[in-house]
Amino acid sequence: MVSIPGGEPLLHPQIGEIVAGLVARKKYVYLCTNAILLEKYIDQFQPSKYLSFSIHLDGPREEHDFAVCLEGVYDVAISAIKLAVARGFRVTTNTTVYNNANPESMREMFDSMMGLGVEGMMISPGYQYEKAPAQELFLRRNQTTNLFKRIVGNAKRSWRFNLSPLFVEFLKGNWNLECTPWGMPAYNLVGWQRPCYLLSEGYCETYQELLDTTDWSKYGRASGNPKCADCMVHCGYEATAVADTFGSLKAFSKVVSLTLFGPGREKLPPDDQQPGSGSGHASSGPAPEQEDELVRKRQLPVLSS
């Protein structure tokens, strides 16, 4: 599997050729995009079981437009989803959750995405990048489990998440996992990023060099590294969830039970946080000639499936 995140991959002049080459090699590709340019460039791609457009949505209309600081982007993304599904493409969504998320609004968004024909939804808490603005929006670990219990607790059977069952239980605080930072490695023009997608502490020329020369004991919550203390992001924990599923009879039995019967009726915690309305003053939608430049300038840290 290859995930192509951004910035915005659709701005790359050879993105169609890159994706076609990966598909020809039978690699499952998740092309992560905010979908502003998807309708414009969709003809560069051909539907394939190996290609999924992973559309970034940070909640329903008001919440998403507020998060990306640009009014009208949600409607553009929804239009692109409808077009891609109609053309026969696989479409998923990826959502980064912050502490101003409204659980009820998120659940309404899940209903909407299923109604549009989205194949699966990825949700994950935001990582507290040191240089990111609005630090107060990032979640502490206890806030994450509380919020995710209210977002995905008592989930509808109709909802399809692009997540492993154990990772969902982990987000709700019902299953313990430790980070596998090398499980979803990040590669770019500089090389293999050390130690993971979220932390940038140097680069290696090969993946083997990354494995052999990184002191992995310094990373993950158990290490005591303050940069890892509140992280519960999928790129570190999904690999652990999958390894545990097939490496432990207890975990495998739990996954079978969750898959066949669901988690059962869950007692949801009280709403001890004040979720933001997601509303705010945002600029008007982009003119066509401004689209590409706005895509470049409006990028916030986004988690990709």
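Run ALA24 past the list (1) under 29 Å from ALA239 (Cα atoms); (2) touching a residue at least 24 places away in the same chain (Cβ under 8 Å) and report the number of the one that doesn't hold.
Going through the list (1) under 29 Å from ALA239 (Cα atoms); (2) touching a residue at least 24 places away in the same chain (Cβ under 8 Å), ALA24 breaks only (2).
Out of the stretch 4-28, which residues are surrounded by 14 or more Cβ atoms within 10 Å (Cβ to Cβ) and over 30 Å from PHE66 (Cβ atoms)?
GLY16, ILE18, VAL19, ALA20, LEU22, VAL23, TYR28
If we keep just the residues of the stretch 171-211 that are assigned to a loop (DSSP other than H, G, I, E, B) and out of contact with any helix residue (DSSP H, G or I) (no Cβ under 7 Å at 6 or more places or on another chain), which is modelled with the lowest pLDDT?
Once the filter is applied, the top-ranked residue is LEU189.
Looking only at residues that are among the acidic types (Asp, Glu) and out of contact with any strand residue (DSSP E or B) (no Cβ under 8 Å at 6 or more places or on another chain) in the stretch 35-70, which one is surrounded by the fewest Cβ atoms within 10 Å (Cβ to Cβ)?
ASP43
Need the failing condition index for LEU31 against (1) loosely packed, with under 15 Cβ neighbours inside 10 Å; (2) closer than 18 Å to ALA186 by Cβ, just the number.
Going through the list (1) loosely packed, with under 15 Cβ neighbours inside 10 Å; (2) closer than 18 Å to ALA186 by Cβ, LEU31 breaks only (1).
Which count do you get for residues in the stretch 38-68 that are in contact with a Phe, Trp or Tyr (Cβ under 8 Å, 6 or more places away or on another chain), modelled with pLDDT under 95 and of a type in the set (A, V, I, L, M)?
Going through the stretch 38-68 one residue at a time, the tally reaches 2.
Would it be correct to say that ALA86 is crowded, with 19+ Cβ neighbours inside 10 Å and either free of Cβ contacts under 8 Å to residues at least 12 places away in the same chain or assigned by TED's automatic domain parsing to the domain that holds ARG150 (or both)?
When the stated conditions are applied, ALA86 does not pass them.
For the stretch 31-54, how many residues are within 17 Å of SER79 (Cβ to Cβ), of a type outside the set (S, T, N, Q) and free of Cβ contacts under 8 Å to residues at least 40 places away in the same chain?
Of the residues in the stretch 31-54, 3 are within 17 Å of SER79 (Cβ to Cβ), of a type outside the set (S, T, N, Q) and free of Cβ contacts under 8 Å to residues at least 40 places away in the same chain.
Quick check on my filter: what residues within the stretch 56-70 are on the phi < 0 side of the Ramachandran plot and hydrophobic (A, V, I, L, M, F, W, C)?
LEU57, PHE66, ALA67, VAL68, LEU70 - these are the residues of the stretch 56-70 that are on the phi < 0 side of the Ramachandran plot and hydrophobic (A, V, I, L, M, F, W, C).
I'd like the residue in the stretch 136-168 that is of a type in the set (Ser, Thr, Tyr) and under 15 Å from SER124 (Cβ atoms) and, out of all such residues, is surrounded by the fewest Cβ atoms within 10 Å (Cβ to Cβ).
Checking each candidate, the answer is THR145.
Report yes if some residue within the stretch 182-191 is farther than 30 Å from CYS69 by Cβ, without any contact (Cβ under 8 Å) to a residue 12 or more places away in the chain, loosely packed, with under 14 Cβ neighbours inside 10 Å and outside the structural domain of PRO125 (by TED's automatic domain parsing); otherwise report no.
For the stretch 182-191, residues farther than 30 Å from CYS69 by Cβ, without any contact (Cβ under 8 Å) to a residue 12 or more places away in the chain, loosely packed, with under 14 Cβ neighbours inside 10 Å and outside the structural domain of PRO125 (by TED's automatic domain parsing): absent.
Examine the stretch 115-127 for a residue that is in a helix (DSSP H, G or I), surrounded by fewer than 20 Cβ atoms within 10 Å (Cβ to Cβ), touching a strand residue (DSSP E or B) at 6+ places or on another chain (Cβ under 7 Å) and at pLDDT 95 or above, and state whether such a residue exists.
no
The values are calculated or read from the model by the stated rules, or taken from the named source; none is laboratory data. From a predicted model like this one, the values you see are computed outputs, not experimental measurements. Glycine also receives a Cβ, built like all others from the backbone with ideal geometry; neighbour counts cover every protein chain displayed.
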